[in-house]
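Undergrad: One structure, pasted below without further comment.
The values are calculated or read from the model by the stated rules, or taken from the named source; none is laboratory data. This structure is a prediction, so every number in the text was calculated from the model and none was measured. Don't worry about glycine lacking a Cβ; one is built from the backbone with ideal geometry, like all the others, and counts go over all protein chains shown. Note: areas computed on protein heavy atoms with side chains; ligands, DNA, RNA excluded. Shrake-Rupley method; radii C 1.70, N 1.55, O 1.52, S 1.80 Å.
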Amino acid sequence: MGRFVGVTRLVLVHGRDNQGLDADALERTWLTVLRAGLAEVGSDARPGDADASFVYYGDALAGLVDGDGDAPPVTVHALTLLPDDELAFVAAVAEEVLHGAGVDVAALRDAVGRAEGVDLGGAVRAWLGALLSALDRYVPGLSSGVVVLLAHDVWTYLHDPDARRALDDALAAAMPVGEPAVVVAHSFGSVIAYAVLREHANAARWDVPLLLTLGSPLAIRAIRDVLAAGSPLRVPAPVRRWVAARDPRDALALHGLGPEAFPLDPPSPAVETLVVENHAPGNHSAAVLLDDGTPAGYLAAPAVARAVADALGG
């Protein structure tokens, strides 16, 4: 595939659950799907490996969140090992995902409390178990394990300075100085990209004509509120345009990043919301090739490709 001749670099930041995978293969899939989307919207841009930096942190993240000791990795069955404040965070994320799927969480709490004969306000472990069972029952295409692992990863990133420094530095090292960079960040990767672009010491040296977040959980209250406690939510200074793409069927991208769910201070410039159709299984992936070779995922959506094409000048 020919190189896209231009001065704007692509910086690609994947989501969670990519540990143990081939980083080069992941990058090829992202670029293949993106090129298909660009071709569909009539763009001449065909970015290749020489034009992109794929920030792969999957194996590093797995090691950081699981630790180096003898404790088993966090799974649904190992939740009792987590501290109460992290359990409450996981429960808050699970509650919001269920609410977004149309589940009456208050009624569920009452029903479980009566069945268990306990006040769930002080029994976070019992309540969380009920929430995870409800996720498996009521949210199609999403398992409770995915929610637990996402919440645990985000919690670790936001509360463990060593983990945060390692992931932040990996993204910062991929950001060019002296040329613009389009940053495309998926799922948990959007949390990292937002935090780095907002807070990193080198941020003033970067020029980001487009921050494109795909299936982002940034507006989930438990995540948003931790970020807002550090400093006001805002479009990061290096970013000239922020576009947030989501499929309403994506259970991990519950909200757009508009003023109600993600209030900015100052309120302008605003985040642009793209509502798209993600035809990947589960409606959440950034880029996949289906069994018949058809490109799918957020990067295959025409409106997403159009935003990238505009930023690349093609």
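Undergrad: For the peptides 200-209, 139-148, what is the packing order when you average, over each peptide's residues, the other Cβ atoms within 10 Å and list the highest mean first?
TA: Ranking, from highest mean packing down: 139-148, 200-209.
Undergrad: What is the helix-to-structure angle for 161-174, meaning the angle in degrees between its Cα long axis and the longest Cα principal axis of the chain, kept from 0 to 90 and rounded to the nearest 10?
TA: The answer is roughly 20 degrees.
Undergrad: Sorted by mean Cβ packing within 10 Å, highest first, what order do the peptides 34-43, 269-278 take?
TA: 34-43, 269-278
Undergrad: Hey, another quick one. Quick check: the angle from helix 144-159's long axis to the longest principal axis of the chain, C-alpha only, nearest 10 degrees?
TA: 70
Undergrad: As I understand it, the value is the acute angle between the Cα axis of helix 302-312 and the longest principal axis of the Cα atoms of the chain; what does it come to in degrees, rounded to 10?
TA: 50
Undergrad: With every protein chain left in place, what is the accessible area per residue of the chain in square angstrom, probe 1.4 Å? Write down the numbers at each step before the final one.
TA: Values: 13440 Å² over 314 residues.
Ligands and nucleic acids excluded, the result is 43 Å² per residue.
Undergrad: For the peptides 297-303, 173-179, 27-33, 131-137, what is the packing order when you average, over each peptide's residues, the other Cβ atoms within 10 Å and list the highest mean first?
TA: With the highest mean Cβ count within 10 Å placed first, the list reads 297-303, 27-33, 131-137, 173-179.
Undergrad: Next question. State the Kirkwood hydrodynamic radius of region 101-221 in Å, one decimal place, computed from all pairs of distinct Cα atoms.
TA: Over region 101-221, the inverse of the mean reciprocal pair distance is 17.0 Å.
Undergrad: If you don't mind, there's one more thing I want to ask. So, with a 1.4 angstrom probe, what is the percent of accessible area on region 168-314 that is carbon and sulfur?
TA: For region 168-314, the apolar C and S fraction of the accessible surface comes to 53 percent.
Undergrad: Further question: Can you give the Kirkwood hydrodynamic radius for the chain, in Å, rounded to one decimal and based on Cα pairs?
TA: 20.1
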